[in-house]
1. Stokes-Einstein D for the chain at 20 °C, 1.002 mPa s, Kirkwood Rh over Cα pairs, in µm²/s?
2. Compute the signed sum of charges (Lys and Arg +1, Asp and Glu -1) over the other residues within less than 14 Å, Cβ to Cβ, of Gly168.
3. Say the dipole of the chain comes from +1 at the beta carbon of Lys and Arg and -1 at that of Asp and Glu; which of Tyr162, Ala352, Pro363 then lies farthest toward its positive end?
4. Averaged per residue, what accessible surface does the chain expose to a 1.4 Å probe, in Å²?
5. At 222 nm, what helix-only mean residue ellipticity would the chain give, in deg cm²/dmol to the nearest 500, using -39500 (n - 2.57) for each DSSP H run of four or more?
6. At 0.36 nm per residue, and after removing the present C-alpha to C-alpha distance, how many nm does the segment from Asn156 to Cys359 gain when stretched out fully?
7. For the stretch 175-300, compute Rh as the Kirkwood radius over C-alpha pairs and then the Stokes-Einstein diffusion coefficient at 20 °C and 1.002 mPa s; write the answer in µm²/s, rounded to an integer.
8. Under the 0.36 nm per residue contour assumption, what length would be gained going from the current alpha-carbon distance of Ser81 and Lys252 to full extension?
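The values are calculated or read from the model by the stated rules, or taken from the named source; none is laboratory data. This one's a predicted model, so the numbers in the text were calculated from it and none came from an experiment. Neighbour counts are summed over all protein chains in view; Cβ atoms, including those assigned to glycine, are modelled from backbone coordinates with ideal geometry. We work out accessible area using only protein heavy atoms, side chains counted, and drop any ligands, DNA or RNA first. Shrake-Rupley method; radii C 1.70, N 1.55, O 1.52, S 1.80 Å.
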Amino acid sequence: MPYPIDETHDPSLRSWVDSANDPDTDFPIQNLPLCAFRVDGGRPGRVGTRIGDQLLDLAMVEDLLGTPTLLHHGEDRLFESGLSGLLRQPRLAWSNVRRTLVRLLTDRAQAEKLRPALLPECDAQLLLTHPVGDYTDFYASVYHATNVGSMFRPDNALLPNYKWLPVGYHGRASSIVPSGTPITRPRGQQSPADDGGSPTFAPCKMLDYELEIGVIIARGNDLGRPIPMSEAEHHILGLCLLNDWSARDVQKWEYQPLGPFLAKNFATTVSPYIVTMEALAPFRAPAMERPPGDPQPLGHLDCPANRSAGGFDITLEVHLASSQMRDRGLGPVRLSKGNFRDMYWTVAQMIAHHTSNGCNLQPGDLLGSGTVSGPTRDSRGCLLELTWDGDPFAHPPLIKPGSARTPIALPTGETRTFLQDGDEVTIKGYCQRSGFRRIGFGQCRGVITPAHP
Ligand code: CA
């Protein structure tokens, strides 16, 4: 594999940043995710890594260590202008920086020198890690696709292309927002009633989240030159959490024949940290084993390394707190718990397919995985599925029309079929494996605010 397990994953490593040694932290020294932040309205776009409850300013580390340092790559300073310096580098630049940072952050003799580059995370405002040029969203969970397909096409849930290629659409980069940004309920056209008449234009009544993983592209490819499966992972910097907010009533009316448009492009929230491919090395998993009778992927979407370790073992949870719950001091309720290893298509297959016609990916591009749903009801990654009464994976399968729904009960006595104003949705993700330190992704959070009058 391009990202081996090495001394930076040793579970016995301890940092002189004490909070990194807390067994429950998402950010032990084995993680070191990338982020961008600012303090008190100061210079935006400082690049940091998270260690325990602290941020380490990487440009300041370059300064404190003097030139040349191991944080440089050749003559280049990697972190003085956001992430763009790192994104331009050959793929092993971060592997080298990571090894250096692990040495510096475990060596007590460095503590005095480096402390000025640390600040508490709670004193910083976390930003988008970088300007995203292009954003593509996939549909790679067969469980999600089957559930949603069964609601609207009971006899024909999966279209014939689904098991041959990772379906996707080009999304909108301008409305990608960092975790914590309020989400304004969109307005949109909604279907006419069944007896005909005109559509209405009104605030969305079926507002939903979609639990997804985001993939950050590092190196791109030249226009006209596809990325083969065997090289696809060399082009990834890392992963984040992503919420593809969705207006289901708008989607239902607009999606044919060209796919999602205004139902999806009003906001996409991403978590503040890029958990790098290096940090994820111990948590790889085989690609999903295709059930008997399913076709094997065509040659350009297949390779042995992908079959054996193309997946990621990432546990993903969605939590909801209504404004009434928060006012009464009640904690959020967990709506679902799933795992990213349940995807039908891997990230490498998404990249190989995306570029198979010569389309060029560019540094900093974002790919969404599509809603991460699993085979059980409590692993469904959006309310459209969670509150639906059907279950095509039950024995025997239970198919019900899309309108057959049971709302979710909240501890205040409120119920939810879709999101209400004031609702706060939080996605969490983490990796655990015996013999390794647990690492986490932090949070991807947003509160719904009322539609503009
Ligand atoms: Ca989506």
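1. The estimated diffusion coefficient comes to 94 µm²/s.
2. Numbers: positive: Arg172, Lys264; negative: Asp134, Asp137, Glu210, Glu212, Asp244, Asp365.
My count for the surroundings of Gly168 gives -4.
3. Tyr162
4. On a per-residue basis, 42 Å².
5. Calculated from helices alone, the mean residue ellipticity at 222 nm is -4000 deg cm²/dmol.
6. On the way: separation 203, 0.36 × 203 = 73.08 nm, distance 3.07 nm.
Length gained, Asn156 through Cys359: 70.0 nm.
7. Numbers: Rh = 18.0 Å.
Rounded to a whole number, D works out at 119 µm²/s.
8. Numbers: separation 171, 0.36 × 171 = 61.56 nm, distance 4.24 nm.
Going from the current span to full extension adds 57.3 nm.
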